[in-house]
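Each remark here refers to the structure printed beneath this line.
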Amino acid sequence: MYLVGLDIGGTFTDCVIVSDGGNTATGKSRTVSGSLEMSVIGALVEASKGVEGEVALSEVLADCAGIFHGTTLTTNTMVQRNGARTGLITTRGHRDVMSIMRASGRTAGVSVDRLMDVVHTDKPEPLVPKRLIREVDERVDADGDVVVSLNEQQVRDSLEDLVAQGVEAVAVSFLWSFRHPEHEARVKALARESFPDLFVSLGSELAARVGEYERTATAVINSYVGPGFVGYLTRLEDELRSNGYKGPIFVMQSNGGAYRLEEAKEAPVFTLGSGPAAGMTACSFLATRIGVENVIATDMGGTTFDVGLIHRSRPIPKSTSIVDQFEFFSPAVDVESIGSGGGSIISFDRDSNSFRVGPESAGGDPGPVCYGLGGARPTVTDANLVLGYLDPDLFLGGRQKLDARAARAALAAIGDELGLSAEDVAWGAIRVVEYQMAELIRRFTVERGYDPRDFAIFAYGGAAALHAARYSDLLGCAKVVVPQGNAAPVWSAFGAAASDVQHVHDRPQVLRSPFDAAELEHAFAGLEEAAGSGLASEGFTSASIEFERYIDMRYGFQIHVVEMALADVPGGGRLETQGHVEALVGAFDDRYEALFGRGSAYKGAGVESVGFRVRATGTTPRPVIARRDAEPGGSETAYIGERFVWFDREGPESTPIFDGSRLPVGLEVSGPAIVHLQFTSIVVPDGFRISADEAANFVLAREQPE
Amino acid sequence: MTDVATGLAWDGYTNAYIAPDRLTVDPALPVWSGTPAEVEPVTYEVVRHALWQITAEMGATIVRASGSPFTIYGEDYNTGLFTAMGDWIYFGPFVQYLASAMDSAIKWTLENRSEEPGIRDGDMFLTNDPWIAGNHQSDVTLVCPVFWEGEVLGWVGSAIHVYDIGGTVPGGWTASARDIYDEAVPIPPVKMVEGGRIRRDTEDWYLRQSRNRDLLALDVRAKVAANNVGRDRFLDLVRAHGVETIAGVIKRISDSSERAFVERLERIPDGTWREENYIEFPKPGPGTVEPVVMTLTKRGHTLTFSNEGTAPQRGAANTTFIGWKGGIIAGLSPLFLFDQLYAIGGALKHVRFDPTPGLLNCASYPAAVSCGPPIQILLTYSMAKNVLSKMLSADPELRIRAGGADALSQFPLSVIAGVDDRTGRPFGGLTFDAFLFGIGAFAERDGVHTGGASWDPKVSAPNIEFNEQVFPILYLERSELIDSGGAGRQVGGSSVSATFVPHKTRELIHTSGAGGAALPSSFGIFGGYPGCTNKLTLLRGTDIQARFRQGEMPQLEELSFSERIRFANQQGLTQGPDDVFALEGCGAAGYGDPLDRVPEAVAADLVDSFISHDAARRLFGVVIDEQSLQVEHTATAELRAAIRKRRLEDGRMPVGDDTADEPIAAEGLEGARIHEYLTVVRAASGSALAVRCRCGHEVCKLGQNYKRHVLAADLPITEGNARLEDPSTFIDDIFVFRQFYCPSCATLLETEIAQAGAAPILDIAIAPTTP
């Protein structure tokens, strides 16, 4: 029996095949944008070569329990703006909801230092031009009462008219539709009747939450990315079936769980941002496997540095996301990004007679100066190269030769302005970047009410291991785990394979304290029933279904809410007695003060609950991480040689380089050292030690004082 | 501070507090007096970033802990970081004019509280006094000294626009106030937090005045929490890097912002820029307007702002010096310090404020000032943006940031109250629809439709569904308002309209105080047109309920009604179930001559319902086929030629006193661009410098008021924007929309909203410093 995880990235399509015994075979193929399904098959073929006994792909597929698929296709559609020609049908008088964007559309998701330069801020290009928006007479009020009934003739005319305009997908979003879904449902039925091929998204189906702008955006984005995504999934399914696969296909969502291909075709909006989420799922899986409860997951690639949190083995979620400045409702893993990747540009700042790192990025194209692809401005990757942290001949497994001389010259040009050497600038730039990362992580954890010192850092992506020792040190984290083993280069694909099927059900309902235990229990039970029957229809038995309960709470008169996981409430969050209710309110007070400081709670205003949420999980077979047994031998087994590396500002020192794949399990190597891996390097500064564990990870920690 | 020349005391009692250069602080207060270290670039960059993050982190704390819709949607709060003596380090990217008073709160506290009751570690001082720190009484500031090893090292501060702090009108804007005694109490800095604990006695006294003490108490805690975060983070940095290093970074932040500011000023010729706008006292009140004047003078490295020429303080339309200065600082930061994280401290060393007290925008105690922000401060910001934009258009790099006024130069204040049948509870407040206003046109790009404000980078408005939850109302529409943005080569951003009826309540009671209802208040520059006015309308006796029953969701213009009421400044207007209320927010202004606008851009605006066919023809001279919506190029060229011809026929050279209009001799200005269309050249005859239009026509000698040497035409005021209505509903004064044309090429050089018969405003006077 096998499990397959797939991830389509911008450059490579990754595949991991996990067999019963835990053997993890991986494969990569180049992503061909015109033919993604063939990229997938290519990666599958590659990976199956690594399966024990070198079985044929058809054999793997014949004996496969599930294929879990992550893709950035919808994200790319939004970035490249090559989605479907989309129309919108809305309540009369509300055509402009998507262009008004609550005014925040000019700045949502824009980094604060950028939005201060007002002339360079703007709203995004509309996803639906106004001429493709139709208003119909209908109105529901806040209580769900119908004020104006739906004018079906106008709906028919609108649909006909939009289709005549060449629309391939329609979003339907009425005010308060989630309180009275019948009007939107009727539009969908009428569309099915007349235009069975039209892709239709309903706000009330996708996001049963207060807030017409974000709900409408959810429906519009869903329709915009829908037809392209459905076409791809259909071709993929055909391709897999023709190769003999009969089992279920799951698609990764931004909440870190998966859903069935059939559901993904209805609600592709929930795949936006699923790449980082799959990475978080992989971290969460690994953390549980190695017995770490709290993790700060850090992923550094060429353009961004992403941070997410795992607390008590659960990735921290969020409920509103932003894509291209559009805010939309989507249950997602909370991952924050700063533009601090290897491509961040180092520049001279005349006014302060100093230099800056970022926010401009050279990205992957032209990329750093050392790539030799035309980049002229030095980047963090150039600085890493000049300081000796990267080997010019072994970057990306030797796929990319790096030009150290060009990198040094570009850094020297900045140094000339400041009276510094190229190495001084590089050294400084790396310090600045590491401080920025530590700052982001610190803010991210503290703002969510946690202390970074209670967490371990996981460092993955091409560049995180170069910097993790120092940012963890700045934060006071006890250790850094660099996930390795053969799953590491295909981390998101591995996360896909490790994911469960997940559905999130919401119910907005305002209740004021004192709460009634039975009323709360009733609200959750209703959600669990709906979610459970959904999973049951997908073939999950009750034994394989798990529920997590969340409640959004606030003090009276507040607008912002704090999401409480009932599992974190003392007593496990049961709601049988008034004592349980008091425990919940007490836990809210505590959480509130953890977030905002002692004395910040104002209990006089009472407590309100404004929304109930159930995260229903259908558990799927787990991949197994192969053990790597302790091997005899000392560090000389892995010793490659020496090179000059800057660990001290005063100058470089000859530093041992180790081949990570040959480092014996359990052996500790003290810094300064560089551990060379297939796709990255680990920088082990003075005062740190590193060891390989039996799950094929590397663990970095400060040397204990003698 | 006491002004030696005038003898006026600027002490925060009768006149606003203006801090002296050297504060008088009780010597018993220990103040850190070490020497800032020389900081190397890495540490500078690391600490600079971390210091600025503190303001953002404090802001995030406020948002999540506060209960005020102003906080959540208006981002109507701000945070700041200061030196031991209250000078700026950074403030947050929230409402700019809210932050700009915090330094004053700290300095006043140092001068007046250091001896008694004393300033100690763990204390925080609260104030809302508009003569010291608040823009109006509802803006409540809490400042907190940061002690390091027993000495004051710096300060942090938070300010929030709170919901209700007492006074005769719910919500705090008392549009009918005669003086401060009709309004909420101004509170000079009091010790609200002592030794880390909120003082029960002070807090009880403070909350006692509010109609919603719970909400007010939440906001006290939000500020305390934010200040705790700020202080702790500040001290973390001190511990990590050493106190001398932190002091060195702070000094360098200020020096860097100062250097950027000065370098930018050096690229601009000296001169004076001037703008006149108006404050309305609408009917059923006096039905008059009063002038507000801003003059900006640049001499070398110094900018001076003056309010001379503004009318005396009157009624409830005033702000103090604090609000006036805040509006100006909010205008300076995005134009000059866009890459300095708005670190205003260093730049302010080169900005002088030259206020005349007792005027509308620099009122003396006991003037009514609670309506200062929606009336005077927004207008001050708009005027500052315009004079600064005209000034920096001389520089090829800075000019891209120049622009016409944003919308909301006057806020259509409109509060609803009543009893909600759904809960049986009273309600009251703003719907915040007006926050969906537009940003003014820039030199090289259009403004932003419903894009918020440049003085509040993160502003937003609530969803309709949020408002319908909070208030018993039902919206008929919320839309981008056609023709609301000012015309121009680049157009101003569209504003918003919102229409609603009472729903599940007997009636709504409206209290309003909307300036800019008779005359446009967002002025364009360099030929750009103004945005539309604020408009509040009540249709009485409509057939709305019957239409609902018939399955219709009608729009305003489709309703039958018995009476149409336009109002601006009204108390207690009731709206019953058959009455429909509509709000239109004033629009943002345009930039440049609308006849210069690319015709295809006009067609695109038409397709997207930002402008009407009528406006396309009349204002832009663009003919668009009604069926295909394509530009008819030949017809457009003919129409534009006809409009230019009419300009030359209608325009007259202004006459009148020209004696002060002397040519000046100046070197080094040749080639300088002093206006979008005007450049300084060597005069064709003689050695003087002249001002030349882009067409080559020599308009006048440098130093002369160009407006006296071009054609002027006074058009009816309603020509200024397609949405304008007859101002006589609200005012009796006669105003015109005045245009100035190049007598040769007929380019529209400038527009004015002017009182009939008034002399042209000398808006640009390049006057090089004589050595």
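The values are calculated or read from the model by the stated rules, or taken from the named source; none is laboratory data. Predicted model, so just to flag it, every value in this text is computed and none were measured. Don't worry about glycine lacking a Cβ; one is built from the backbone with ideal geometry, like all the others, and counts go over all protein chains shown.
Of the helices (runs of 4 or more DSSP H) entirely within region B:198-308, those holding at least 1 residues that are under 25 Å from the mean Cα position of the chain (by Cα) and within 14 Å of chain A (Cβ to nearest Cβ) occupy B:213-241, B:243-266. Applying the criterion of being within 25 Å of the chain's Cα centre (by Cα) and among the polar types (S, T, N, Q) to the residues of region A:34-54, the residue that is surrounded by the fewest Cβ atoms within 10 Å (Cβ to Cβ) is A:Ser35. Flag not set for A:Arg643, criterion: within 14 Å of chain B (Cβ to nearest Cβ) and closer than 30 Å to A:Ala422 by Cβ. Would you check which residues across region B:146-184 are out of contact with any strand residue (DSSP E or B) (no Cβ under 6 Å at 6 or more places or on another chain), crowded, with 21+ Cβ neighbours inside 10 Å and more than 25 Å from B:Arg221 (Cα to Cα) and list them? Selection gives B:Thr174, B:Ala177, B:Ile180.
Against the numbered list (1) assigned to a helix (DSSP H, G or I); (2) modelled with pLDDT of 90 or more; (3) buried (at least 23 other Cβ atoms within 10 Å of the Cβ), A:Gln436 comes up short only at (2). Whether a residue is among the aliphatic types (A, V, I, L, M), in contact with a Leu (Cβ under 6 Å, 6 or more places away or on another chain) and crowded, with 17+ Cβ neighbours inside 10 Å was assessed, and A:Ala605 does not pass this test.
Kindly evaluate A:Gly666 against the criterion of being away from every other protein chain (no Cβ under 14 Å), small (Gly, Ala, Ser) and under 30 Å from A:Val386 (Cα atoms). No: the conditions fail for A:Gly666.
Please indicate, with yes or no, whether at least one residue in region A:175-190 is outside any helix (DSSP H, G or I), within 10 Å of chain B (Cβ to nearest Cβ) and in contact (Cβ under 8 Å) with a residue 24 or more places away in the chain.
Within region A:175-190, one or more residues are outside any helix (DSSP H, G or I), within 10 Å of chain B (Cβ to nearest Cβ) and in contact (Cβ under 8 Å) with a residue 24 or more places away in the chain.
Each row is one residue, and each column tells you yes or no for (1) at pLDDT below 90; (2) polar (S, T, N, Q).
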{"position": "A:Ala426", "(1), (2)": "no, no"}
{"position": "A:Ile430", "(1), (2)": "no, no"}
{"position": "A:Ile441", "(1), (2)": "no, no"}
{"position": "A:Phe444", "(1), (2)": "yes, no"}
{"position": "A:Tyr450", "(1), (2)": "yes, no"}
{"position": "A:Ala459", "(1), (2)": "no, no"}
{"position": "A:Leu466", "(1), (2)": "no, no"}
{"position": "A:Ser472", "(1), (2)": "no, yes"}
{"position": "A:Gly476", "(1), (2)": "no, no"}
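Within region A:577-609, work out how many residues are in contact (Cβ under 8 Å) with a residue 40 or more places away in the chain and in a helix (DSSP H, G or I). So the answer is 10. Has region A:84-97 got at least one residue that is within 12 Å of chain B (Cβ to nearest Cβ), in contact (Cβ under 8 Å) with a residue 24 or more places away in the chain and of a type in the set (Gly, Ala, Ser)? Scanning region A:84-97 turns up at least one residue that is within 12 Å of chain B (Cβ to nearest Cβ), in contact (Cβ under 8 Å) with a residue 24 or more places away in the chain and of a type in the set (Gly, Ala, Ser). Looking at region A:179-211 only, could you name the residues that are more than 18 Å from A:Val323 (Cβ to Cβ) and either among the basic types (Lys, Arg) or in contact with a Ser or Thr (Cβ under 7 Å, 6 or more places away or on another chain) (or both)? Matches in region A:179-211: A:Arg179, A:Pro181, A:His183, A:Glu184, A:Arg186, A:Lys188, A:Arg192, A:Phe199, A:Ser204. Of the strands (runs of 3 or more DSSP E) that lie entirely inside region B:490-552, those containing 3 or more residues that are away from chain A (no Cβ under 14 Å) and of a type outside the set (Phe, Trp, Tyr) span B:508-514, B:535-540. Region A:1-94 holds strands (runs of 3 or more DSSP E) entirely within its bounds, and those carrying 2 or more residues that are basic (Lys, Arg) map to A:24-30. Of all the residues in region B:462-474, those that are more than 8 Å from chain A (Cβ to nearest Cβ) and either on the phi > 0 side of the Ramachandran plot or part of a loop (DSSP other than H, G, I, E, B) (or both) number 2. Annotation for region B:88-104: at least one member residue is buried (at least 24 other Cβ atoms within 10 Å of the Cβ) and over 29 Å from A:Arg114 (Cβ atoms).
Got a sec? Which of B:Thr43, B:Thr35 is among the polar types (S, T, N, Q), part of a loop (DSSP other than H, G, I, E, B) and under 30 Å from A:Val425 (Cα atoms)? Sole residue among the options that is among the polar types (S, T, N, Q), part of a loop (DSSP other than H, G, I, E, B) and under 30 Å from A:Val425 (Cα atoms): B:Thr35.
Yes/no matrix, rows are residues, columns are (1) touching a helix residue (DSSP H, G or I) at 6+ places or on another chain (Cβ under 7 Å); (2) crowded, with 16+ Cβ neighbours inside 10 Å:
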position	(1), (2)
A:Gly641	no, no
A:Val645	no, yes
A:Ser654	no, no
A:Leu677	yes, yes
A:Thr680	yes, yes
A:Ala695	yes, yes
A:Ala701	no, yes
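Any residue that is within 17 Å of B:Ala759 (Cβ to Cβ), at pLDDT 95 or above and within 30 Å of the chain's Cα centre (by Cα) - is there at least one of those in region B:699-713? Yes: region B:699-713 contains one or more residues that are within 17 Å of B:Ala759 (Cβ to Cβ), at pLDDT 95 or above and within 30 Å of the chain's Cα centre (by Cα).
Looking only at region B:419-461, which residues are over 30 Å from B:Pro599 (Cβ atoms), more than 7 Å from every other protein chain (Cβ to nearest Cβ) and in contact with a helix residue (DSSP H, G or I) (Cβ under 6 Å, 6 or more places away or on another chain)? Within region B:419-461, B:Thr431, B:Phe432, B:Trp455 meet the criteria.
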